[in-house]
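Below: the structure, in structure tokens.
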Amino acid sequence: MRPIRNVLVGILILFLLPLALHAALYLSKERPASFRDADWSSIGMLPPADADREARFLVFTGRTGRWKGIFAVHSWVVFKPENATTWSRYDVVGWGQPVRTNAWAPDARWFGDAPRVLIDVRGAAAADLIPKVKAAIAAYSYSHFGDYRIWPGPNSNTFTATVLRAVPELAATLPANAVGKDFRAHPYVGLTDSGTGVEASLWGLLGMKLGWVEGLEVNVLGLVAGLDLRHPAMKLPGFGRIGVADGTAIAAPAPAN
């Protein structure tokens with residue numbers, strides 16, 4: 001019985017206690033009561049697309065709303081080819097057609113939360129990525145009515161993780177509190193999304209990762225705890241990470257030619 005008790009105590013310490021603390025902190029702040037009450041306006045970070053001729057590719061994350069914000073962030077993809085006159089934004093949502101195009105400004109708040117830039121690639125590197133990103137979006141398996149599932153996926157973070165897997169040269173990954181990022185339709189053993197480590201996962205419900213970009217991640221029912229090895233920090237359910245800032249650009253440098 002002792003091993004079972006130790007496992008239960010470990011789960012309590014690593015997963016349930018941080019989540020309960022984050023829930024208390026989250027609920028102590030005033031937040032929009034509904035979709036209509038929330039601020040979805042642009043934060044003004046990105047210039048008009050035609051003001052910058054360079055190609056550009058970005059991934060944003062923003063805290064989800066209502067009770068879901070206790071657990072997770074929402075992520076989305078933004079890009080513009082060279083000389084484009086408009087930005088293209090792609091999200092997956094839980095109502096109607098899952099994949100939405102330009103439903104919000106590219107740098108809009110999500111449920112009132114100011115977005116964070118996870119990846120920002122410009123110029124020739126972005127121009128090379130964008131065709132692969134477009135192909136991944138077009139081929140996304142869960143793009144039909146009824147395909148969306150909030151937990152364990154496929155959800156918005158499943159979509160963004162799928163796009164990032166199509167551009168392994170970025171060596172990038174979503175944050176630990178992007179619930180749904182690890183969902184797959186089948187058990188998986190292989191390289192992590194960044195290609196810098198190894199992963200074993202059962203449908204995104206139970207799994208473990210060890211890699212340079214991902215660090216150490218243990219997934220229990222979609223909640224992730226672990227350590228960031230490159231930028232020392234703890235990964236905790238709800239919080240995502242607590243520690244040294246990890247920046248707001250590409251998760252790892254492009255491999256040398």
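Observations on the structure shown:
- Using a Förster distance of 51 Å, the FRET efficiency for Thr86-Leu17 (Cβ separation, nearest 0.05): 0.65
- Cα long-axis angle, helix 2-11 against the chain (0 to 90 degrees, to the nearest 10): 30
- Burial ranking of peptide ranges 88-94, 99-105 (average Cβ count within 10 Å, highest at the top): 88-94, 99-105
- For the pair Glu54 and Arg230 in one chain, pulling the backbone fully straight at 0.36 nm per residue adds 60.4 nm over the alpha carbon distance.
- Amide H contacts under 5 Å for Trp203, placed H, 5+ residues apart: Arg184, His186, Tyr188
- Remark: relative contact order (the chain) = 17 percent; criterion is Cα-Cα distance under 8 angstrom and separation of 6 or more residues.
- For Gly112, the residues whose amide H sits under 5 Å from its own are Asp39, ignoring neighbours fewer than 5 places away on the same chain, with H placed 1.01 Å from N.
- Shape call, segment 109-177: gyration tensor on alpha carbons, a/c limit 1.5: oblate
- Checking the Cα-Cα distances for Lys132/Lys235; Lys29/Lys209; Lys132/Lys181; Lys68/Lys134; Lys68/Lys181; Lys29/Lys235 against a 26 Å cut-off, the pairs over it are Lys132/Lys235; Lys29/Lys209; Lys68/Lys134.
- From phi via Karplus (6.51, -1.76, 1.60), per-residue ³J(HN,Hα) for segment 110-123 in Hz, x at Gly/Pro: 10, 6, x, 8, 5, x, 10, 7, 8, 9, 8, 10, 10, x
- Computed label-point distance, nm, for sites His144 and Val198 using a 7 Å Cα→Cβ extension: 3.7
- Note on Arg36 and Val189: their simple-model spin labels are 5.3 nm apart, each label 7 Å out from Cα toward Cβ.
Quick note: the coordinates plus some simple rules give every number you see, no bench work behind them. Predicted model only: the values in this text are computed from it and were never measured. Glycine also receives a Cβ, built like all others from the backbone with ideal geometry; neighbour counts cover every protein chain displayed.
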